[in-house]
Amino acid sequence: MEKNVKNKEMSFLGHIEVLRWHLIRSITAIFIFAIIAFIFRGVIFDLIILAPKRPDFPTNRLLCALGQNIGTDVLCINTKPFQIINIKLAGQLMTHLTVSFVVGFLVAFPFVFFEFWKFIRPALERKELKNSRGAVFFTSILFTTGALFGYYIITPLSVHFLGSYEVSNEVLNQINLNSYIQTLTSVVLAAAVIFELPMFIFFLSKIGLVTPEFLKKYRKHSIVIILALSAIITPPDIFSQVLVSLPLIVLYEIGIVISRRIQKQAEEQMIK
């Protein structure tokens, strides 16, 4: 009896040891990319972080060209770049460190998720492994697509609206560096997480918590939630909210298709 308990305890400790090494490799990958981002400060800040507030940013140029083609300058955003200031002695250093770790996490995310997947994979049955094939690839693709969408679409609109909003002509906008960075990182990370919606639906469908009928029944409620999320992560204007809501609604519909496929596979397995 004591021997069996000891074996179970060793098995548990063995799992903890395996998990520890997965965490160490994940954290190491984040640190490596964070160090690279810290070294290439000019590229990260001048060409990436601060780029959305300039008129020559790809999204800003594309929207302006689109507006001019239809005879309006309304879509020309970020034409008057605002000044970003630092008001703390160690503000720029701390911002540099924070941004480096955020970039490190974003770049290392596929590897981090792969390490997480390797940890839980031994606990899955053969059928579950077969049905979950490609999970790491699609999760990484959706995360990266969401981050790029947040950076190229939501960020320029947010920067333009919030940076140019005035309560009076006598008040000059001088944006704090930390405030600008927080806005950009929160938008990019929020978009990256939200774009994982199909994968969330996939796993919830696998464990039976979600069905295609359930998703169809609450489609209208989901659209309201999507609009609310879009309102939170975008500037308070209809154009930005619609622009963000459309891909999320498409992702929800893709989730319904995924859930229907999983249900069909489960029914076929029961017949067999």
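The values are calculated or read from the model by the stated rules, or taken from the named source; none is laboratory data. All values derive from a computational prediction rather than experimental measurement. FYI the Cβ positions are ideal-geometry reconstructions off the backbone, even for glycines, and counts take in every protein chain you see.
Going by the structure shown, is Glu253 within 18 Å of Gly146 (Cβ to Cβ), out of contact with any strand residue (DSSP E or B) (no Cβ under 8 Å at 6 or more places or on another chain) and acidic (Asp, Glu)? Spell out how you get there, then give the answer.
Working: within 18 Å of Gly146 (Cβ to Cβ): yes; out of contact with any strand residue (DSSP E or B) (no Cβ under 8 Å at 6 or more places or on another chain): yes; acidic (Asp, Glu): yes.
Taking the combined requirement at face value, the residue satisfies it.
Can you name every residue in the range 45-62 that is assigned to a loop (DSSP other than H, G, I, E, B) and of a type outside the set (Asp, Glu)? Let's see the steps before the verdict.
First, pick out the residues of the range 45-62 that are assigned to a loop (DSSP other than H, G, I, E, B): 50, 54-57.
Within the range 45-62, Leu50, Arg54, Pro55, Phe57 qualify.
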Query raised in the report: From Thr183, Thr144, Thr211, which residue is touching a Pro at 6+ places or on another chain (Cβ under 9 Å) and surrounded by 13 or more Cβ atoms within 10 Å (Cβ to Cβ)?
Result: Thr144
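Confirm whether Asn86 is surrounded by 16 or more Cβ atoms within 10 Å (Cβ to Cβ) and either more than 26 Å from the chain's Cα centre (by Cα) or modelled with pLDDT of 80 or more (or both).
So Asn86 does not fit the description; no.
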Query raised in the report: Somewhere in the range 28-47, is a residue free of Cβ contacts under 8 Å to residues at least 24 places away in the same chain, over 30 Å from Asn176 (Cα atoms) and exposed (fewer than 15 other Cβ atoms within 10 Å of the Cβ)?
Result: yes
Query raised in the report: Could we say that Val136 is of a type in the set (Val, Ile, Thr), surrounded by 13 or more Cβ atoms within 10 Å (Cβ to Cβ) and within 17 Å of the chain's Cα centre (by Cα) here?
Result: yes
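Evaluate the following for Val244: is it modelled with pLDDT under 85 and not in a helix (DSSP H, G or I)? Break it down into steps so the answer makes sense when it comes.
Values: modelled with pLDDT under 85: yes; not in a helix (DSSP H, G or I): no.
Answer is no for this residue.
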Query raised in the report: Quick check: anything in the range 63-79 in a strand (DSSP E or B) and surrounded by 15 or more Cβ atoms within 10 Å (Cβ to Cβ)?
Result: no
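So, restricting to helices (runs of 4 or more DSSP H) that lie completely within the range 117-216, which ones have at least 1 residues that are in contact with a Ser or Thr (Cβ under 8 Å, 6 or more places away or on another chain) and either at pLDDT 90 or above or among the hydrophobic types (A, V, I, L, M, F, W, C) (or both)? Working first, answer last.
Details: elements: 126-131, 135-149, 155-164, 177-194, 197-206.
Hits in the range 117-216: 155-164, 177-194, 197-206.
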Query raised in the report: In the range 68-115, which residues are under 19 Å from Ala37 (Cα atoms) and among the hydroxyl-bearing types (Ser, Thr, Tyr)?
Result: Thr95, Thr98, Ser100
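Just checking, does the range 221-235 include any residue being modelled with pLDDT of 85 or more and either outside any helix (DSSP H, G or I) or more than 22 Å from the chain's Cα centre (by Cα) (or both)? First the steps, then the outcome.
Step one: list which residues in the range 221-235 are modelled with pLDDT of 85 or more, which gives 221-225.
From what is left, the residues that are either outside any helix (DSSP H, G or I) or more than 22 Å from the chain's Cα centre (by Cα) (or both) are 221.
Within the range 221-235, one or more residues are modelled with pLDDT of 85 or more and either outside any helix (DSSP H, G or I) or more than 22 Å from the chain's Cα centre (by Cα) (or both).
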